[in-house]
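Below is one structure, written out as structure tokens; the observations come after it.
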Amino acid sequence: MLEKRYDPKKVEEGKYENWKKEGYFTAGDKTKQPFSMVIPPPNVTGKLHLGHAWNTTIQDITARYKKLQGYDVMWLAGMDHAGIATQAKVEEKLRSQGISRYDLGREKFLEKAWEWKKEYADNIHKQWAKMGLMLDYSRERFTLDESLNKAVLHVFKTLYDKGLIYRGERIINFDPELKTALSNIEVEYSEDKGKFYYFKYPIVDSKDYLVVATTRPETMFGDVAVFVNPKDKRYKHLIGKKVINPANEEALPIMGDEYVDIEFGTGAMKCTPAHDPNDFASSEKYNLPRIICMDLNAKMNENCGRYKGMDRYECRDELVKQIEKDGRLIKIEDIVHTVGHSERSHTVVEPMLMKQWFVKMRPLAEQALNKSSVNFVPNRFSNTFRQWMENVDDWCISRQLWWGHRIPAYYNKQTGDIIVSETPINDPNYYQDEDVLDTWFSSALWPFATLGWPNTESEDYKRYFPNSLLVTAYDIIFFWVSRMIFDSLEFTGESPFKDCLIHGLIRDSQGRKMSKSLGNGIDPIDVIDKYGVDALRYFLTTGSAPGQDIRYIEEKVQSSANYLNKIWNSARYVLESLGGDFKPVAFKFDELHEVEKDILVKLNKTIKSVTSFMDKYEYSMASSYLYNFVYDDFCSSYLEMSKVSLQKGDDEYKKVVKSVLVYILKNIIIMIYPFAPFIGEELYLALPEHKKSIMIEEYVKPLDIPENDIEQVENLYKMIQDIRNYKVSNKLAPNYKLRFIVEGESIFKGFEEYLARFSFAKEIILTSKSTSKGMRFAYKKMNLYIEDEISKEELEAKRAKDIAFLKAEIARSEGMLNNPNFVSKAPKEKVELENNKLAEFKKKLAELN
RNA sequence: GGAUGUUUAGCUCAGUUGGGAGAGCAUCGCCUUUACACGGCGGGGGUCAGAGGUUCGAGCCCUCUAACAUCCACCA
């Protein structure tokens, strides 16, 4: 027997291990249609947070649902080496021991990184188990696996041969702390306080000067020109002359370009091609030199005179002091401007001219825009994808790191010629590029490289690619989704997945992003310990709209747990009422009492709604239909009715009622199971007839029965509510005994005992025509009179209230029906419905008068 | 500058193809009724941001406005 209270800890114990042991997570049943997903591989950098919990629960619900529906579900497990993030963590750890990566050297450092990976992979496995994820571990992959490395090398080589990967000198975003290049999307911009420095640039052969403003004086050593707008009357005449750079006394040409904003600053702009992307573009246009003035530690280099070796910010201060001493500082303004920060280290990135590897994006993007068949859910995210693709720049893929896929490019020591090769080149005349690839370069191949590609004859690849579904948050669309799409189209000729379900981000109770610095992060494990994983899963996946952010609100997890407790206790009631070794019997709908029919009709409707929303990945809607059924139809209504059914009928009928109860319970359990698999399994195994696990059950199917509501039962529930209301408004105790006269014998016969139980009736009199003076309540084709020392005032008040209500309704109804447009244009059934209502209202009003 | 989202009960949010506004929490009243006090029963509380429009009918569709949020681009 079930315990009185749902205890998540006990319920969860041992189940996951058992499922795993039974092999339920392993795909491969060829008699079934495949349904495939790959997990967005979490970084091996730390603990999983609520965002992961949300993301994986959505997938798990899908997987469990599809499995019960009879699909061969393949949900591939895996993790990401997360090059830059992991390397930063490992270096940080080493630093705390006083070691730098250079002390260790590449190989030793990588050993440390693999140790780190192992530790964190173990953690992640434990958390997946806690969450109850039915991941296929037999196919688990890591982005640095040899098989994935093969795919990466193949992709690199192929794109290189096609001219879609090139090595070039361009302005990239450099992270001076992690000492590596970044791609554009790894830079986050924020509004920072800064200073705008106004300097005098003396004009050569003149006593005049030009005022140039800059936020970054330290880059003045890289200046090669000053630009003004040729339409700017103040400066037009200066074009062609020269000014003196106050930082290093070099003469710079004054040039004209309409790109310069006359309104901004002084209207004169310094040009630093090696440290600014726009200036770099100008240098291409006007063939200007490019002078790099910093090294890879963001320290000033030999082009900076006595400032050489200084940190960039120290140099800025010193240089400004010097210029001030020279009498060339006009003013310093406080401003707020957007500054790029490294997504990982959060340091201010330095735009720098460097030789790096790039993916040429235009052709790949075109293909992605034209050929992608990915169905984004919700659909609006396809715009997000599209827009990014339309404006994408070339992708800087080389990283000055060690933890990652090493770039398979080899340089001739003498000539510098490059060979790109999928197999190592051991020729002593060649050395391999030191850099590794951006993590996302390998993640982009995840949906197919994990399945054996580039071996297109691999069984898994043939069976499970393209994937059926990918689930991720909207902030990953650019980083990952878009790249999977263009790589997949380029290399497999197909979109990587059919559907792409996008969810939002999880925030704290005040709507703020969860972050370490705010200290507002929530550890899923703490939540699970307190409320159970099923409650967490239910909270995460219900009560929100697709694609929207959600707030973590503990009370909602609590109420989810309460809901599960409700299901638990309803199951306990059903199971305890069965008695001993009950075997469910088959029942015929037509032979059931109306109260049993009614609940089955409602269950049927629920199954249809739930299934149709589950099919659309609308888990919130599906769960809300189930919730209403469980609470209102089952627990609050039928479950109470069944207590009467179990007393009044003959033994045969009692068996039938029990079977109906078991049937409904089983259906509820199966529908709640994808959301709450642990309690689902626990309750399922307590059913009188069950398989070895709910994981090998079939999903619920509607019965082939009529859909219309059972009128008498509707009346019964309304009567009960009216009687309860009557007692409350007359300050009578709920169990106060009253005398009822029911007018409508032919309709109500067979329901007396049901009414009696809920109304604590002193007496129920059935009649076909009543002369009662008691308070009257009207229902479809029948009336109820309550007789109990009711005062005339009360009766009159009730009557007046009813009349007013009916008159208002009749007015409303007639208003609609007198509108010829409504009658002629609205659907027939709507008009008919309104006609019926009007007739009913009129009849009731006539009865009252 | 471009785009997207949000605005519904005190709070947090749902709302299916347009057809009489819902949940959780909070609140008020009653109840130790034999599944559940992590409960039951009943109640109060909403000009669905604003203004137009389409429609027989709009929380839902169209246009505009406002506020908030997010993303992209620019910022010498």
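The values are calculated or read from the model by the stated rules, or taken from the named source; none is laboratory data. The structure presented is a predicted model; accordingly, all values stated were derived computationally and were not measured. Glycine gets a Cβ as well: all are built from the backbone with ideal geometry, and neighbour counts include every protein chain shown. Surface accessibility is based on the protein's heavy atoms, side chains included, excluding ligands, DNA and RNA. Shrake-Rupley method; radii C 1.70, N 1.55, O 1.52, S 1.80 Å.
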- Query: Which FRET efficiency value, to the nearest 0.05, do you get for A:Asn725 and A:Asp788 by plugging their Cβ-Cβ distance into 1/(1 + (r/R0)^6) with R0 = 25 Å?
  - Reply: 0.95
- Query: Based on the Cα atoms of the stretch A:438-548, what semi-axes does the equivalent ellipsoid have, where each is the square root of 5 times one gyration tensor eigenvalue, given in whole Å with the largest first?
  - Reply: 33, 16, 13
- Query: What length, rounded to one decimal in nm, is gained on full extension from A:Arg757 through to A:Lys828, with 0.36 nm per residue of separation minus their alpha-carbon distance?
  - Reply: 21.5 nm
- Starting from the Cα gyration tensor of the stretch A:346-404, take the square roots of the eigenvalues, sort them a ≥ b ≥ c, and report rounded, prolate or oblate (rounded when a/c is under 1.5, otherwise prolate if a/b is larger than b/c, else oblate). prolate
- Item | For the stretch A:209-312, Kirkwood radius (reciprocal of mean inverse C-alpha pair distance, Å) | 13.9 Å
- Note on the structure: Note on the stretch A:321-364: the mean projected area of its alpha-carbon convex hull, in nm², is 6.8 nm²
- Query: So how far apart, in nm, are the two label points at A:Ser768 and A:Tyr166 if each is 7 Å from Cα heading toward Cβ?
  - Reply: 9.7 nm
- Note on the structure: With Cα coordinates, the longest principal axis of chain A makes an angle with the long axis of helix A:361-371, in degrees rounded to 10, of 20 degrees
- Task: Note down the nm distance, to one decimal, between modelled labels 7 Å out along Cα→Cβ at A:Glu284 and at A:Ser206.
- Result: 3.1 nm
- For chain A, find the longest principal axis of its Cα atoms and tell me its angle to the long axis of helix A:828-848, 0 to 90°, nearest 10. 40 degrees
- Note on the structure: Note on the stretch A:706-816: alpha-carbon gyration tensor, axes a ≥ b ≥ c; rule is a/c under 1.5 for rounded, else prolate if a/b larger than b/c, else oblate; result oblate
- Round to a whole number: what % of the accessible area of chain A belongs to carbon and sulfur, probe 1.4 Å? 49 percent
- Message: So if I take the centroid of the Cα atoms in the stretch A:761-785 and the same for the stretch A:256-301, what is the distance between those two points in Å?
- Response: 91 Å
- Item | Quarter of Cα convex hull surface for the stretch A:240-394, i.e. mean projection, nm² | 13.5 nm²
- Message: Output needed for the stretch A:654-741: three equivalent-ellipsoid semi-axes, defined as square roots of 5 times the C-alpha gyration tensor eigenvalues, in descending order, whole Å.
- Response: 37, 17, 13
- Message: Please compute the Kirkwood hydrodynamic radius over the stretch A:188-231, one decimal place, Å, based on all pairs of different Cα atoms.
- Response: 12.7 Å
- Task: Out of all DSSP beta bridges with both ends in chain A, state the antiparallel percent to the nearest 5.
- Result: 70 percent
- Provide the per residue accessible area, probe 1.4 Å, for the stretch A:410-548, rounded to a whole number of square angstrom. 39 Å²
- Message: Over the stretch A:142-237, what portion of Cα pair distances is larger than 24 Å, expressed as a whole percent?
- Response: 56 percent
- Task: Have a look at A:Gly340, A:Met354, A:Ile323 and report the one farthest towards the positive end of the charge dipole of the stretch A:314-355, computed about the Cα centre with Cβ charges (Lys/Arg +1, Asp/Glu -1).
- Result: A:Met354
- Task: Whole number please: convex hull volume per residue, Cα atoms of the stretch A:389-460, in Å³.
- Result: 142 Å³
- Note on the structure: With x for Gly and Pro, the residue-by-residue ³J(HN,Hα) of the stretch A:305-320, computed from phi through the Karplus equation 6.51 cos²θ - 1.76 cosθ + 1.60 at θ = phi - 60° and given in whole Hz, is x, 6, 8, 3, x, 6, 5, 4, 7, 5, 4, 4, 4, 4, 5, 4
- Base-10 log of normalised Debye intensity for the stretch A:616-684 (one unit scatterer per alpha-carbon) at q = 0.15 Å⁻¹: -0.57
- Message: Using only the alpha-carbon atoms of chain A as identical scatterers, what base-10 log of I(q)/I(0) does the Debye formula give at q = 0.07, 0.10 Å⁻¹?
- Response: -0.74, -1.12
- Message: Once R0 is set to 51 Å, what does the formula 1/(1 + (r/R0)^6) return for the Cβ-Cβ distance between A:Ala129 and A:Asp581, expressed as a FRET efficiency to the nearest 0.05?
- Response: 0.90
- Query: For the stretch A:444-496, what D do you get in µm² per second when you plug the Kirkwood radius from alpha-carbon pairs into Stokes-Einstein at 37 °C and 0.692 mPa s?
  - Reply: 294 µm²/s
- Message: Considering all alpha-carbon pairs of the stretch A:782-834, what whole percent are spaced by more than 12 angstrom?
- Response: 73 percent
- So for the pair A:Lys588, A:Ile553, with labels modelled 7 Å out along Cα→Cβ, what separation do we get in nm? 5.1 nm
- Alpha-carbon centroids, the stretch A:684-726 and the stretch A:146-180: separation in whole Å: 59 Å
- Note on the structure: By the Cα gyration tensor axes a ≥ b ≥ c (a/c under 1.5 gives rounded; else a/b larger than b/c gives prolate, otherwise oblate), the shape of the stretch A:22-165 is oblate
- Note on the structure: Computed from the beta carbon distance with a Förster radius of 51 Å, FRET efficiency for A:Asp311 and A:Asn412 to the nearest 0.05 stands at 0.90
- Query: Can you pull the Kirkwood radius for the stretch A:218-270, inverse mean 1/r over Cα pairs, to one decimal in Å?
  - Reply: 11.2 Å
- So what does log10 I(q)/I(0) come out to for the stretch A:99-182 at q = 0.13, 0.25 Å⁻¹, using the Debye formula with one equal point on every Cα and no solvent? -0.78, -1.17
- Extension gain from A:Asp29 to A:Thr347, taking 0.36 nm per residue of separation minus the Cα-Cα distance: 109.4 nm
- Approximate shape of the stretch A:537-584 as ellipsoid semi-axes (Cα gyration tensor, √5λ), whole Å, largest first: 34, 12, 5
- Item | Positive-pole candidate from A:Leu540, A:Ser372, A:Trp402, dipole of chain A, charges at beta carbon | A:Leu540
- Message: Roughly how far apart, in whole Å, are the Cα centres of the stretch A:407-421 and the stretch A:89-127?
- Response: 30 Å
- Query: In debye to the nearest 20, how big a dipole does the stretch A:703-827 give about its Cα centre with +1 on each Lys and Arg Cβ and -1 on each Asp and Glu Cβ?
  - Reply: 420 debye
- Query: Counting pairs of alpha carbon atoms under 8 Å apart in space and at least six apart in sequence, what relative contact order in percent does chain A give?
  - Reply: 12 percent
- With a 18 Å threshold on alpha-carbon distance, the violating pairs from A:Lys530/A:Lys556; A:Lys643/A:Lys731; A:Lys10/A:Lys666; A:Lys608/A:Lys692; A:Lys242/A:Lys331 are A:Lys643/A:Lys731; A:Lys10/A:Lys666; A:Lys608/A:Lys692; A:Lys242/A:Lys331
- Message: Explain nothing, just the number: dipole magnitude of the stretch A:137-238 about its Cα centre with +1 on each Lys and Arg Cβ and -1 on each Asp and Glu Cβ, in debye rounded to the nearest 20.
- Response: 480 debye
- For the stretch A:711-755, alpha-carbon Rg and Dmax in angstrom: 11.2, 33
- Task: Run the dipole for the stretch A:645-754 about the Cα centre, Lys and Arg Cβ at +1, Asp and Glu Cβ at -1, nothing else charged, and hand back the magnitude in debye, nearest 20.
- Result: 580 debye
- Item | Positive-end residue, chain A charge dipole about Cα centroid, Cβ charges, pick of A:Ser206, A:Thr31, A:Ile765 | A:Ile765
- Task: Could you work out how far helix A:83-96 tilts from the main Cα principal axis of chain A, as a 0 to 90 degree angle to the nearest 10?
- Result: 70 degrees
